[in-house]
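Let me begin by presenting the structure, written as structure tokens, before commenting on it.
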Amino acid sequence: MTTTISRRVVLGAGALAVAFVGAAGIASSALFTDTDTSAGNSFTSGTVDINTGGGAAVFTVSNLAPGTVNYGKIPVANDGSLELRYAVTSSSTNADSKALAAQLDAKVVAIASDATCNASAVSGGTAIYDGKLGSLALGDTAAGAQTGDRVLAAATSEALCVQVAFPGASGNAYQGAATSTTVTFAAEQTANNA
């Protein structure tokens, strides 16, 4: 008789343990919860927009004589929302094979956008280019910061004062010579672009 009772007690205890485990499982699935939202998240990309006066010519000079010096001002504005860096390259024509662009001396200084570009601006400023017109370049158009690149904060401007001189020692080979130079400005963001 003892064996039957202990077997019933063990079976009863086992059933009771299963009941407790089942009740614990039910109790653990009852949770307090809550949700919330963060609506209206908005993203707008910035802009890089360099403005140099809409492509207008800075120089239209005729009847150059050796010793002549001319000045031209190129406005450079950052009309974008991001800080930018820019580089300058140039290309010149040589249709008459006289290579006038390679003969003309050019000097470039950065000035305030409202400053006058003249001899005193060039002599009082630090030249950022001093060489032949046909080789005019500032910085490097490769991505990233390069020596000579110019940096402009968003919504700011400067001007490049360009002095072009026909050397006094230029000889008869340059009579009637003509050239046309195109100056190209390449801008890129500075943010995340070391």
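The values are calculated or read from the model by the stated rules, or taken from the named source; none is laboratory data. Here the structure is a predicted model, which is why all the values come from computation and not from measurement. Every residue, glycine as well, gets a Cβ built from its backbone with ideal geometry; the counts of neighbours run over all protein chains shown.
What tally of residues in region 163-194 results from selecting those that are in a strand (DSSP E or B) and out of contact with any Leu (no Cβ under 8 Å at 6 or more places or on another chain)?
Here is the first cut: in region 163-194, the ones in a strand (DSSP E or B) are 163-165, 181-189.
Then keep just the ones that are out of contact with any Leu (no Cβ under 8 Å at 6 or more places or on another chain); that gives 163, 182, 184-186.
Residues in region 163-194 being in a strand (DSSP E or B) and out of contact with any Leu (no Cβ under 8 Å at 6 or more places or on another chain): 5 in total.
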Selection from region 28-56 of residues that are surrounded by 13 or more Cβ atoms within 10 Å (Cβ to Cβ), among the aliphatic types (A, V, I, L, M) and outside any strand (DSSP E or B) = VAL48
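Checking the conditions here, which among ASN63, ASN94, ASN70 is out of contact with any helix residue (DSSP H, G or I) (no Cβ under 9 Å at 6 or more places or on another chain) and at negative phi? Spell out the reasoning first.
Working: ASN63 fails: at negative phi; ASN94 fails: out of contact with any helix residue (DSSP H, G or I) (no Cβ under 9 Å at 6 or more places or on another chain).
Result of the check over ASN63, ASN94, ASN70: ASN70.
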remark   = The residue that is nearest to SER91 (Cα to Cα), considering only those in region 181-194 that are at pLDDT 95 or above and among the small types (Gly, Ala, Ser), is ALA186
request  = Give the number of residues within region 29-73 that are under 30 Å from TYR174 (Cβ atoms) and free of Cβ contacts under 8 Å to residues at least 24 places away in the same chain.
outcome  = 7
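Here are ASP96, ASP105: which of them is farther than 26 Å from ASP49 by Cα, surrounded by 14 or more Cβ atoms within 10 Å (Cβ to Cβ) and among the charged types (D, E, K, R)? Steps first, please.
Working: ASP96 fails: surrounded by 14 or more Cβ atoms within 10 Å (Cβ to Cβ).
The match here is ASP105.
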request  = State which residue pairs qualify: first residue assigned to a strand (DSSP E or B) and inside region 122-151, second residue of a type in the set (S, T, N, Q) and surrounded by 13 or more Cβ atoms within 10 Å (Cβ to Cβ) in any location, beta carbons under 7 Å apart, and separation of 6 or more residues or different chains.
outcome  = VAL151/THR190
query = So which residues in region 98-150 are more than 28 Å from THR190 (Cα to Cα) and basic (Lys, Arg), if there are any at all?
reply = LYS98, LYS132
Selection status of ALA145, touching a strand residue (DSSP E or B) at 6+ places or on another chain (Cβ under 8 Å), more than 23 Å from LEU100 (Cα to Cα) and among the hydrophobic types (A, V, I, L, M, F, W, C) = yes
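Take region 99-121 and flag every residue that is part of a loop (DSSP other than H, G, I, E, B), under 14 Å from LEU160 (Cα atoms) and either within 25 Å of the chain's Cα centre (by Cα) or in contact (Cβ under 8 Å) with a residue 60 or more places away in the chain (or both).
Filtering region 99-121 for residues part of a loop (DSSP other than H, G, I, E, B) gives 99, 104, 112-118.
Subsequent filtering for residues that are under 14 Å from LEU160 (Cα atoms) retains 112-118.
Result: ALA112, SER113, ASP114, ALA115.
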